[in-house]
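The values are calculated or read from the model by the stated rules, or taken from the named source; none is laboratory data. Computed from a predicted structure; not experimentally measured. Here the Cβ is made from the backbone with ideal geometry for all residues, glycine too, and neighbour counts use every protein chain on show. Keep in mind that these areas ignore ligands, DNA and RNA; they rest on the heavy atoms of the full protein, side chains included. Shrake-Rupley method; radii C 1.70, N 1.55, O 1.52, S 1.80 Å.
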Amino acid sequence: QGLLSGMAIATAAYYTLMFITITPFAFLGFAAVIYFGIGLLCFLPLAPLLSLLAASRMHFLLKRHHRKKLPLFWTGILAGLAAIALFSTPMYLTKAGLSMAASDSLKTQSKGIKLLRFAGDEVLMNRACYFGANMPGDPISWLINQGRHVRPEQARNIYYRTTGKAFNTIASPTLGIRTRRNPGNEFDWDPETGGDVVAGRLKGLSIVDSRIDGMVNSDAATAYLEWTMVFHNDWKWEREARAQIALPTGAVVSRLTLWIDGEEREAAFGGRSQVKQAYKKVVRRRRDPVLVTTCGPDRVLMQCYPVPANGDMKIRIGITAPLTIPSETGRSLRLPHLLERNFRIPDSVRHAVWIEDFMIDDLADADLNSSAATIHTESTVSSCWAQADDLTVLQEIKPSASKKPGHLVLVIDSSACMKDHLGKIAASMDSLPQGIPLTVLVADDEPLQISPKDIGRIKACGGKESSAALRKALTSRQPTDVIWIHGPQTWSLDSGEKLRQAMERQSNIRLFDFQVGHGPHRLIEKLDRLSGFHSVPRTANIETDLANLLRTLSGESEIWKAVRTSIGNGNPAVHKTNGHLVRLFALDQIRADLSDGKPGNETALALALKHHLVTPVSGAVVLETQQQYDEANLKPVDSQNVPGVPEPGVLVLFVLAALLLFFGRRMIQHTQTALELK
């Protein structure tokens, strides 16, 4: 009895202290009940105090009944306090860590992050991302945090730095027990509708059909792909489907369509802000638009709304892509894939891939997102030309010996997502070029320089920002190649402006982006238009791709490039190809015009609109009615002037015609031979 009595008093005293600041307001319940007949919930804060009074009264009655002190009473007090400490310590350590991590002092911030990584409660940290980190009724927390309030915006950054995950990639917490009973990863509500981010998965929204049709022209080193997606919404409200799509290196979106009332409608191409405003205006009216804009080098953001309740929405994205040229005759193409999405892909759904002259099975999303989704082909054609409108373009595939850099810098991300890849990166260090000064920087909470042999011992944890380490690598005064090896980064910790400044002011430095793992990267999204930024095509495993890059930069292997130039007339003796070559030439010119960093370049915009391309200064949008196009001052593309993939039926007719021609000639030859014999 003494033990239990002590534990009850200790527990009641603790919760009385927890609610002491709001207990006085509970007495307002008396007035509410008396005058209004409501207010019973106001009595809840009195529960701990009434429990303490009841436990104390019971202890007093037991002592008077036994006429002596109860044995083990103080042991019960200590046991109750110990149990409270055991269950409450993680909560208070988490709150203390959040308070320290939100400090203005960088040293205190670092200590707070380390504390959270060691002893932080992830559920409490995620709840702070929505509701803040302080409870006004908890004086103990107030003392620990010294009155400092951690805002939700601060908690979101801290959550990513601690866990390596964005707060909105998991289910939002509740104040009850629902999250524990039904721990999903989908959201009922969508505050980002019409916004510029993908955000978390939405309940009821899924992709139910996906197909990629395409043609690969090995001789022209070009490809055209059309990705058709059908979204289904079985939720009770309309949804917006959003996805960030990784394009093949150097590719551009050149077509966009949306099915409205069973009819495929072409997009209008316009200035980036123009198409965004048109899309958002129509979204507010709950009509049928789809929008595609760039969101970083070789990345686009697709948004379509509304996917109706218990209904479908169908879109198609056309992509013009150059083939990667690893050798004189080798050609390869990495298929586009989803980096980020707010919809589910059920296990039963496969991406149906059909590329002319290539047999590809239906691919699961994980397979499409891997380097295995790469097409390899060959061609001995080294030059070709194409003509579109008033522009004639000549392409020549030439070797270009890479200049040895005066300095090579490896910047290696140490976020938690890199844990499984560091061993593979360390294994590829045998391919490091000889005779070139090498520096290895670790993008940690503070940039750290290490020896190449220590790469496998890097401690990967939390979410790290690479901007500081990259800026440190860009301080060299001599020609420098920086290889940035990193995983995905799902939350932005840096505006990217300081890194852009460093790259814009350093013309003798090249930054090679080498991403391992799958997912978006918020810093890369802010590095568009930089001439010194180069994406490394991922066509094989980490060791092979990284070893090939190192050999290329050291000059040990030739670099084959497709050089496109404008000419007066085509040469009949040179292989003639289709208009995708002209589109890629236009994209080259646009990137050159934008490389000075000036936004809204009119020459680049005019070229993008002329050739119907989605670029950093232009976008594509499909609206529902002609009135909406007129209000936005946009004009949809004529369906006769868009690229396309031949329908299977057309291909069958071509094959039949070829067979008839072949057998017809054989029959004529056979008849002529028979007549000669007679």
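Largest to smallest in accessible area, the residues Asp312, Asp528 fall in the order Asp312, Asp528 (1.4 Å probe, all protein chains included).
Calculated on the Cα set of the range 365-477, radius of gyration then Dmax: 20.2, 58 Å. Residues in the range 633-644 carry Karplus couplings, in order, of 6, 10, 9, x, 6, 5, 4, 7, 10, 10, x, x Hz; the curve used is 6.51 cos²θ - 1.76 cosθ + 1.60 with θ = phi - 60°, and Gly or Pro positions show x. Under 5 Å between amide hydrogens, built in the peptide plane, is the criterion, and for Val198 it picks out nothing among residues at least 5 positions away or on other chains. Shape class of the range 443-495 from the Cα gyration tensor (axes a ≥ b ≥ c, square roots of the eigenvalues): oblate, since a/c reaches 1.5 or more and a/b does not exceed b/c.
Cross-linked pairs Lys404/Lys561; Lys276/Lys526; Lys498/Lys561: Cα-Cα separations exceed 26 Å for Lys498/Lys561. Amide H neighbours of His521 under 5 Å, at least 5 residues apart or on other chains, H built in the peptide plane: list them. The list, which skips near neighbours in sequence, is Gln489.
In debye, nearest 20, what is the charge dipole magnitude of the range 390-531 about its Cα centre with +1 on Lys and Arg Cβ and -1 on Asp and Glu Cβ, if you could check?
Its charge dipole is roughly 360 debye.
Accessible surface calculations at 1.4 Å, restricted to protein heavy atoms, place the range 200-351 at 31 Å² per residue. Alpha-carbon geometry of the range 484-591: the Rg and the Dmax are 17.6, 55 Å, given in that order. Toward the positive end of the charge dipole of the chain, with +1 on the Cβ of Lys and Arg and -1 on the Cβ of Asp and Glu, the farthest Cα among Cys304, Phe131, Thr475 is that of Phe131. P(r) tail for the range 511-561: Cα pairs beyond 18 Å make up 39% of the total. Taking amide H positions as modeled 1.01 Å from N, with prolines and chain starts lacking one, the residues under 5 Å from Asp121 and 5 or more places away or on another chain are Thr94.
With θ taken as phi - 60° and the Karplus curve 6.51 cos²θ - 1.76 cosθ + 1.60 applied, the whole-hertz 3J(HN,Hα) list for the range 477-482 is 8, 9, x, 9, 10, 10 Hz, x standing for glycine and proline. Couplings 3J(HN,Hα) for the range 491-499, derived from phi with the Karplus relation 6.51 cos²θ - 1.76 cosθ + 1.60 (θ = phi - 60°), are 9, 8, 10, 9, 6, x, 5, 5, 5 Hz, where x marks Gly and Pro.
Compute the distance from the alpha-carbon center of the range 338-384 to that of the range 445-500, in whole Å. For the range 338-384 versus the range 445-500, the Cα centre distance is 31 Å. The listed residues Met18, Met58, Met418 rank as Met58, Met18, Met418 when sorted by accessible area, largest first, using a 1.4 Å probe.
Other residues lying with their Cβ under 10 Å from the Cβ of Ser210 contribute a combined charge of -1, Lys and Arg counting +1, Asp and Glu -1.
This structure gives Kirkwood radius over Cα pairs in Å, computed directly, and of (1) 32.7; (2) 29.3; (3) 27.1 that value is listed as (2). For trypsin sites (Lys or Arg not before Pro), the sites in the range 453-487 that DSSP calls loop and that have at most 15 other Cβ atoms within 10 Å are Lys459, Arg477. Per-residue accessible area (protein heavy atoms, 1.4 Å probe) orders Asp347, Asp630 as Asp347, Asp630, starting from the largest.
Would you calculate, for the chain, the mean residue ellipticity at 222 nm contributed by helices, counting each DSSP H stretch of 4 or more residues as -39,500 (n - 2.57) and dividing by all residues, to the nearest 500? Could you put the intermediate results ahead of the total?
Details: 20 runs with 238 residues, N = 678.
When only DSSP H runs of four or more count, the value is -11000 deg cm²/dmol.
Any of Lys403/Lys472; Lys63/Lys95; Lys165/Lys424 with alpha carbons more than 31 Å apart? Name them for me. The answer is Lys63/Lys95. Note on the range 192-259: semi-axes of the ellipsoid equivalent to its C-alpha gyration tensor, largest first and rounded to whole Å, are 30, 14, 9. In this simple spin-label model, placing a label point 7 Å from the Cα along the Cα-to-Cβ direction at both Met91 and Ile450 gives a separation of 3.8 nm.
Solvent-accessible area assigned to carbon and sulfur over the chain amounts to 56 percent, based on a 1.4 Å probe. About the centre of its Cα atoms, the chain shows a dipole size close to 3240 debye [charges on the beta carbon of Lys, Arg (+1) and Asp, Glu (-1) only; nearest 20 debye].
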